[in-house]
Every structure is written in C-alpha cells, then in structure tokens.
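Notes follow once the structure below has been shown.
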Amino acid sequence: MAFQIPRGTQDVLPGDTEKWQYVECVARSLCSRYGYREIRTPIFEHTELFLRGVGDTTDIVQKEMYTFEDKGGRALTLRPEGTAPVVRAFVEHKLYGSPNQPLKLYYSGPMFRYERPEAGRFRQFVQFGVEALGSSDPAIDAEVMALAMHIYEALGLQRVRLVINSLGDLDSRRAHREALVRHFSSRIHELCSDCQMRLRTNPLRILDCKKDRDHELMATAPSILDYLNDESRAYFEKVKQYLTALGIPFVIDARLVRGLDYYNHTTFEIMSEAEGFGAAATLCGGGRYNGLVQEIGGPETPGIGFALSIERLLAALDAEGVELPVDKGLDCYVVAVGERAKDEAVRLVYALRRAGLRVDQDYLDRKLKAQLKAADRLGASFVAIIGDEELERQEAAVKHMASGEQMNVPLGELTRFLLERIGKEE
Ligand code: HAM
C-alpha cells in the first residue's frame, strides 16, 4: 500500500528547502539586527493555554485545534499559533524579572490548524514571528511593523501593503461592543448561526466572519475608530506618526479585527498585492495584546508581535517572480577514472571538504562521461579529473565549467587553487 501525506500538509524537497533556509536566514538576521532573540517552545501545550490565550469564542479554538488526550489523560493541543506559548514561557520563567526590558523574542516553527486546505492555507504551516513584551511605547508598535516590512523588502517583495487598525483599550472596545450589539440585534437572523451565537459571546467576531463577509450589515457596522476614547486615539495617532516618520506606507482599515481575542490597540496585516496571488493574500498578521500576560497568570505586561507564514511568503515571491539568490551548485566535482584514481579521489574529496569547499564525487562506478554529466547536473563550478596519467604526475586535470578553461594543477596545490578561484578564505 502506498501512503500519502495527510491533507493540508506538504513535503519540502531539496530544491525548495534551500529557499526555506534562505528566507529563514534573512528573517533571523534581521531580527538580530533589531535586537530580537530566539525562543523555542514545544509543539504542543496544555489545551487550556489556548482556550485562555487565543479565546474560547474564536474559530481557531472552536473549530481548528488539533487536540488530543495523552496516555496520562492530559488534554494537549498542537499549537495553532505562537503568541500564547511565548507568553506562557515568559510567565513560567519569570522573564518579566529580567533586566532586559522590553524582552524582544522571535520564533520559527510549525503551527497546526484544522482548516479547509486551499492555496496558501495549510493544516501544518510554518510561522516566523516576533513578540516584544514589556513596553507600551507606540514606537515599538512601529518597530514591529517595520521589522515585518523589512523582511519582505530584504527578500525582494515589492507588492506588499501594510494595513493597520486600532481596537483601542478595554473601554473603547466595550463601547464599540455595545454599538455592534445594537447594530446587529434586529437583523441577526439574516446572518449565519455562528454569527447569531457570536452576538451573545463576542460580537466583534461577527466582523471576522468568512460566510457573512459580504452582507450589507457588515459594510454598515459601526467602526471601532469612532469609539476610541481619547487615550486610545492618541496612541493610534502616535503609531501612525512613527510609521510615517519611518517612511513606511500604510492604509487604515477599520474592519481589521483579526481572528484572535487577545488584541487591543494596534492591529495590522500585511497583504500581497501580486497579481494572481489569490485568496490567501494575508502574508502576516499581528498586533498589541496588553492583557494577555495577565490572562496567562503573569503580572500586567504589555506586548506586541506578529507572525508571518513562510509558505505564503514563498508563494508571494513566486507570484512576483523573485528569484532568491540560493546557490545550489558544488564548488568542485572530483572525477576519478580507474581504481587507483578512485582511492585518491576519496582522500582528496575529504581534504577539500575539510578546507571548506563544497565537493562531491561519483559513488555509482560511472564512466568518465557519465561522471561529467553528474558534475554538470550538480552545478559544479570546477571538475577535477584524475586518471592513471594524472596520478602518475600527481596532478589533476581541472576544468572551469563556465568558461571551459582547462589546466593541470598539482594535487598538493588543488585545495589552495580552488579556494583562491572560488574566492573563499582558508
Ligand atoms: P494569525 O493571523 O492567526 O496570527 O496568523 C499569522 C499569519 O500566519 C497569517 O497572516 C498567515 O500568513 C499565516 N497563517 C495563518 N493560518 C495559516 C494557514 N492555515 N496556512 C498558512 N498560513 C497561515 C497569529 O497567529 C498571531 N499569533 C500573530 C501575532 C503574534 N500576534 C501578535 N503576535
């Protein structure tokens, strides 16, 4: 019986893994430039963490979690997102006590959501995210958005759009919630059964409904921006002012409420506007969550962060036709003809690798011509051929594949020769 990969998951094969590594490497190095340090948390957590953290009226918690009982009878969940786990670790390790405040963290790893798979929507996907804990300075909101935009820019994406909103503080949200209830109550039966329930449990979630997105009531729903109190409005103004000062273009969308419950004040998404990119246009989402640390049992600590999916980032790069500078080729392929030459090649290949070069050789006992073809397929910059004659003279016949240039190089000098030509330091 042939097995198939589970729905909504994917294998990343050589040829693509290099792109993943490249993208992750750029994101990591930018994080470090902005002062963010890596945190690694487990793939699964106690289910309760997400009920509390993400919110038990969200789609993620109600419909999308991979929850199971382990052999000890504990309710565990494959993490659907990274913020609640990072906050759990922040509280558990009392990182709020660290002198480094705000604590700026980043993470990268698989997340799991039982969603309907489609282009750009997976059941297992990789998020790269950051969380800055301990500051409610609007400048850090701008920093977090700048970092996300910087990652896209550094990778060569041009058609991205930053969309921002503010959900205000608790007071503003309460006023808005009441307005939403008033707005939807009389005609709630026109909306889906989920929305009918949301009216009671969490009216803001109605604005996030995928089914009723186009209903007239949605377009006319009261805007949160009209319910921000003075303090919340001033905060949002300052965030916008900083973004403008950084030269980062943005648009405001009062209907951007996000699918998780922990947000207040700033929320944002980054969309791809590349042609043909399709439904999963949201590349990145994030926002401020000033009550979450307390909700998870820590001291009152503000926080803000974002997460982007690598799958969608790569799809956006494809849609924009960006070629990543991933170097897939070998520095040198050592071709051996004959048994003695083979013995020498084994030794030589190891020595070249130890010197820092990317080198390979034949392991299928192939003829000269087939070995040369293999070298070509592997994108070797140089081929070093050793046969009986070369061995006799303790030389290799070296060919530069791009130019066709050929020369004999003493075996003892091959390492230095290649290092110099490839431009590497020994
Ligand atoms: P989120 O909006 O649920 O936010 O997810 C963030 C990003 O993950 C989305 O913008 C999207 O690119 C990607 N994503 C979500 N679901 C899928 C999926 N099924 N397949 C592929 N990609 C997906 C969060 O997760 C928050 N924890 C972000 C955050 C961090 N807020 C503050 N800090």
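The values are calculated or read from the model by the stated rules, or taken from the named source; none is laboratory data. Because the structure is predicted, anything quoted here is derived from the model rather than measured. Using ideal geometry, Cβ is built from the backbone for each residue, glycine included, and neighbour counts are taken over all protein chains shown.
Things worth noting here:
- Single condition VAL61 does not satisfy, out of (1) touching a residue at least 60 places away in the same chain (Cβ under 8 Å); (2) within 13 Å of the ligand (Cβ to nearest atom); (3) more than 27 Å from ALA274 (Cα to Cα): (1)
- If you go through the range 270-285 and keep only what is touching a Cys at 6+ places or on another chain (Cβ under 9 Å) and either near the ligand (Cβ under 8 Å from one of its atoms) or among the β-branched types (Val, Ile, Thr) (or both), you end up with just ILE270.
Conditions (1) farther than 30 Å from SER108 by Cβ; (2) assigned to a helix (DSSP H, G or I); (3) small (Gly, Ala, Ser); (4) at pLDDT below 95, marked per residue:
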residue: ALA132; (1), (2), (3), (4): no, no, yes, no
residue: ALA139; (1), (2), (3), (4): no, yes, yes, no
residue: TYR152; (1), (2), (3), (4): no, yes, no, no
residue: GLN158; (1), (2), (3), (4): no, no, no, no
residue: VAL163; (1), (2), (3), (4): no, no, no, no
residue: HIS189; (1), (2), (3), (4): yes, yes, no, yes
residue: ARG213; (1), (2), (3), (4): yes, no, no, yes
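- Among the conditions (1) touching a Gly at 6+ places or on another chain (Cβ under 6 Å); (2) closer than 28 Å to ARG233 by Cβ; (3) surrounded by fewer than 18 Cβ atoms within 10 Å (Cβ to Cβ), the only one that LEU170 does not satisfy is (1).
- Selection status of ILE296, within 11 Å of the ligand (Cβ to nearest atom), touching a residue at least 60 places away in the same chain (Cβ under 8 Å) and not assigned by TED's automatic domain parsing to the domain that holds ALA397: no
- Selection within the range 388-426: residues that are small (Gly, Ala, Ser) and over 16 Å from ARG347 (Cβ atoms). The member of this set that is modelled with the lowest pLDDT is GLY423.
- Residue list for the range 411-424, restricted to those being surrounded by fewer than 12 Cβ atoms within 10 Å (Cβ to Cβ) and either more than 45 Å from the chain's Cα centre (by Cα) or in contact (Cβ under 8 Å) with a residue 40 or more places away in the chain (or both): GLY412
- Of all residues in the range 81-108, those that are more than 9 Å from the ligand (Cβ to nearest atom) and either among the charged types (D, E, K, R) or at positive phi (or both) total 4.
- Any hit, the range 68-83, residues being of a type in the set (A, V, I, L, M) and in contact (Cβ under 8 Å) with a residue 40 or more places away in the chain: no
- Residues in the range 322-360 that are closer than 19 Å to GLU389 by Cα and not in a helix (DSSP H, G or I): TYR333, VAL334, VAL335, ALA336, VAL337, GLY338.
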